[in-house]
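**Student:** Dropping a structure here in structure tokens format, bear with me for questions.
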Amino acid sequence: MDSAAPKGPGHVAVIMDGNGRWAQKRGRPRLFGHQAGARRVREIVAACPDLGVKYLTIFAFSTENWKRTQAEVSGLMSLFRRYIEREARTLFERGVRVRFIGDRMKLDEKLVRLMDELELLTADNDLIHLTVALNYGGRDEVARATKRLAREVAAGRIDPEDVDAETLARFLDTYVLPDPDLVIRTSGEARISNFLLWQSAYSEYEFIETLWPDFTAAEFAKLVAAFQQRERRFGAVVS
Ligand code: FPP
């Protein structure tokens with residue numbers, strides 16, 4: 001690779017916020033905003049190859065989102081099911097490998113089956129790696145990883161003295177993914193809400209005002225270009 005070429009964010013993670021406000025502004029139910037948000041996911045995934053973004057990770061449902069009204073939660077769950085059913089073939093044909101991260105235990109059986117099938121269908125794709133965080137929370141992920149690691153220690157397969165950050169990372173849901181280079185949050189909120197806590201230790205952040213259903217491929221391209229101007233030091237001093 002040409003060393004003078006701008007280094008793009010190979011992995012972009014997105015907190016897709018603002019669907020509810022987008023709908024409210026139009027006097028429509030919140031689910032209308034989530035539906036518009038789902039259409040944006042399609043557009044942003046399609047934009048990735050040209051932007052050099054190989055990994056895209058999106059926050060679809062957090063471990064805290066269960067606190068929403070039952071109507072909104074079940075509306076979102078059926079939106080996820082329909083989205084997988086409708087998009088599976090297109091994702092497969094476009095070379096997208098889909099993975100899900102988060103705790104599947106609390107999700108309904110039919111949704112989990114669709115998730116498993118989509119992962120299997122796209123397992124040999126390598127153009128774009130789309131990871132969907134569903135019933136995901138960073139603290140929950142670290143706790144689940146720690147539990148699995150503790151079991152290995154208890155079984156005598158790992159020496160506690162050998163445990164370091166890399167050991168724990170192998171037990172995270174994201175163990176096969178690179179860390180995100182850039183994390184984008186839409187809708188003007190400047191917080192990370194329990195998203196990829198461990199993995200984003202050195203990520204660059206963009207908090208933008210746009211509500212997720214208004215986020216276009218053109219705006220995405222601008223953020224990618226802005227990232228290329230940033231100097232990343234990873235804690236070191238660059239002369
Ligand atoms: C945050 O907006 C959005 C969510 C909790 C749901 C994200 C889901 C989608 C974009 C739907 C499609 C996703 C897939 C993978 C099919 P909010 O409801 O918190 O908005 P608000 O802050 O304006 O209330």
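**Student:** Out of residues 5 or more away from SER62 or on other chains, whose amide H comes under 5 Å of its own, with H placed 1.01 Å from N in the peptide plane?
**Tutor:** ASN135, TYR136
**Student:** Right, another one. Would you grab the residues whose amide H sits under 5 Å from the one on GLU204? Only those 5+ places off in sequence or on another chain, please, with H modelled 1.01 Å from N.
**Tutor:** Under 5 Å from the amide H of GLU204: LEU182, VAL183.
**Student:** Could you pull out the GluC sites (Glu not before Pro) across segment 133-239 that fall in loop regions by DSSP (anything but H, G, I, E, B) with no more than 13 other Cβ atoms inside 10 Å?
**Tutor:** Working: sites: GLU141, GLU152, GLU161, GLU166, GLU189, GLU204, GLU206, GLU209, GLU219, GLU231; in loops: GLU189, GLU209, GLU231.
Loop-located and lightly packed - GLU189, GLU209, GLU231.
**Student:** Please report, as a whole percent, how much of the solvent-accessible surface of the chain comes from carbon and sulfur atoms (probe radius 1.4 Å).
**Tutor:** Summing carbon and sulfur atoms, their accessible area is 52 percent of the total for the chain.
**Student:** Related question: Using modelled backbone amide H atoms (1.01 Å from N, in-plane), which distant-in-sequence or interchain residues come within less than 5 Å of LYS7's amide H?
**Tutor:** For LYS7, whose amide H was placed from the backbone, there are no distant partners under 5 Å.
**Student:** Then there's this: What residue among GLY75, GLY156, GLY20 has the largest mean-square fluctuation in a Gaussian network model of the chain, using Cα springs under 10 Å?
**Tutor:** Of GLY75, GLY156, GLY20, the Gaussian network model singles out GLY156 as fluctuating most.
**Student:** Then there is this: Send over a whole-number figure in Å² for the accessible area per residue of the chain, probe 1.4 Å.
**Tutor:** Per-residue value: 53 Å².
**Student:** Give me a comma-separated list of calculated 3J(HN,Hα) values for segment 146-155, in order, Karplus coefficients 6.51, -1.76, 1.60 applied at θ = phi - 60°, integers in Hz, x for any Gly or Pro.
**Tutor:** Values per residue, Gly and Pro as x: 5, 4, 5, 5, 4, 4, 5, 5, 4, 7 Hz.
**Student:** Whats the longest run of the chain with zero chymotrypsin sites (Phe, Trp or Tyr not before Pro) that are DSSP loop and have at most 14 other Cβ atoms within 10 Å?
**Tutor:** It runs 1-174.
**Student:** To the nearest 20 debye, what charge dipole does the chain have about its Cα centre, counting +1 at the Cβ of each Lys and Arg and -1 at the Cβ of each Asp and Glu?
**Tutor:** About 1000 debye.
**Student:** Pick out, from THR216, GLY8, VAL132, the residue whose Cα sits farthest towards the positive end of the charge dipole of the chain, with +1 on the Cβ of Lys and Arg and -1 on the Cβ of Asp and Glu.
**Tutor:** With unit charges placed on the Cβ atoms, the residue in question is THR216.
**Student:** Along the charge dipole of the chain, which of VAL41, LEU79, GLN24 sits closest to the positive end, that is, farthest toward it, with unit charges on the beta carbon of Lys, Arg, Asp and Glu (+1, +1, -1, -1)?
**Tutor:** GLN24
**Student:** Mean-square fluctuation check for the chain, GNM, Cα pairs under 10 Å: which of ARG157, ARG21, ARG68 is largest?
**Tutor:** Taking springs between Cα atoms under 10 Å, the residue moving most is ARG157.
**Student:** Okay, next question. Note down the relative contact order for segment 67-218 as a percent, whole number, built from C-alpha pairs under 8 angstrom at least six residues apart.
**Tutor:** Value for segment 67-218: 19 percent.
**Student:** What does the C-alpha gyration tensor say about the overall shape of segment 20-70? Classify as rounded when a/c is under 1.5, otherwise prolate if a/b is larger than b/c, or oblate.
**Tutor:** oblate
**Student:** How long is the gain from ASP124 to VAL153 if the chain were fully straight, where each residue apart is worth 0.36 nm and the alpha carbon distance is subtracted?
**Tutor:** Contour length minus the Cα-Cα distance gives 7.2 nm.
The values are calculated or read from the model by the stated rules, or taken from the named source; none is laboratory data. Given the structure is predicted, the values throughout are model-derived calculations rather than measurements. Neighbour counts run over all protein chains shown; Cβ positions are idealised from the backbone, glycine included. These area figures cover heavy atoms from the full protein model, side chains too; ligands, DNA and RNA do not enter into them. Shrake-Rupley method; radii C 1.70, N 1.55, O 1.52, S 1.80 Å.
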